[in-house]
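The values are calculated or read from the model by the stated rules, or taken from the named source; none is laboratory data. Being a predicted model, the structure only gives us computed values, none of them experimental. As a convention, Cβ positions derive from the backbone with ideal geometry for all residues, glycine included, and neighbour counts pool all protein chains shown.
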């Protein structure tokens, strides 16, 4: 009888140890999700030397605490292709993070920060193709065209990361 009670006790004890171990692993995994402050974000932005909207996007990022270094380039297409940004995802400027992630075009700063806090597996970055009216750097009066922020994947595909439906959500 004693052996049976001892085995039941040991079984319950083992189950408790496993539960606490799993809970500890879960807590550790949550603690390791990095929270990226805008003050921690350094971007190298490559742009055409004559582009004014690129400078406005850089101002948008700087105003939100990013550390942006601007580089003028006459070889933008080659840079974009080397970084895996297909033609249909391209815009006027390309920002590259310290970790090598790309942010193509007029991506709102809050999505850059959100992406860098938890980069999705197999992603190379985000893109706002073309130059939508009302996107950061493309503000003009109160005009706004809804647009999508795309998640760019290593295999060349994309998916919608965010849908921007109003001016306030765009330049927040």
Could you list, ordered by first residue, the pairs with Cβ atoms under 7 Å in which the first is in region 115-133 and on the phi > 0 side of the Ramachandran plot and at pLDDT 95 or above and the second is surrounded by 20 or more Cβ atoms within 10 Å (Cβ to Cβ) and part of a strand (DSSP E or B), at least 6 apart or interchain? 125/102; 125/103; 125/104; 125/152
If a residue must be farther than 17 Å from residue 81 by Cα and out of contact with any strand residue (DSSP E or B) (no Cβ under 7 Å at 6 or more places or on another chain), how many such residues does region 109-130 contain? 8
Of the conditions (1) surrounded by fewer than 19 Cβ atoms within 10 Å (Cβ to Cβ); (2) within 18 Å of residue 51 (Cα to Cα), residue 86 fails just one. Which one is it? (2)
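Let's see how each residue does on (1) assigned to a helix (DSSP H, G or I); (2) touching a residue at least 24 places away in the same chain (Cβ under 8 Å); (3) surrounded by 15 or more Cβ atoms within 10 Å (Cβ to Cβ); (4) at positive phi:
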{"residue": "50", "(1), (2), (3), (4)": "no, no, no, no"}
{"residue": "71", "(1), (2), (3), (4)": "no, yes, no, no"}
{"residue": "81", "(1), (2), (3), (4)": "yes, no, no, no"}
{"residue": "91", "(1), (2), (3), (4)": "no, yes, yes, no"}
{"residue": "96", "(1), (2), (3), (4)": "no, yes, yes, no"}
Within region 117-130, residues surrounded by fewer than 24 Cβ atoms within 10 Å (Cβ to Cβ), closer than 20 Å to residue 47 by Cβ and touching a helix residue (DSSP H, G or I) at 6+ places or on another chain (Cβ under 9 Å) come out as 129
Of the residues that make up region 25-43, is at least one modelled with pLDDT of 95 or more and surrounded by 15 or more Cβ atoms within 10 Å (Cβ to Cβ)? yes
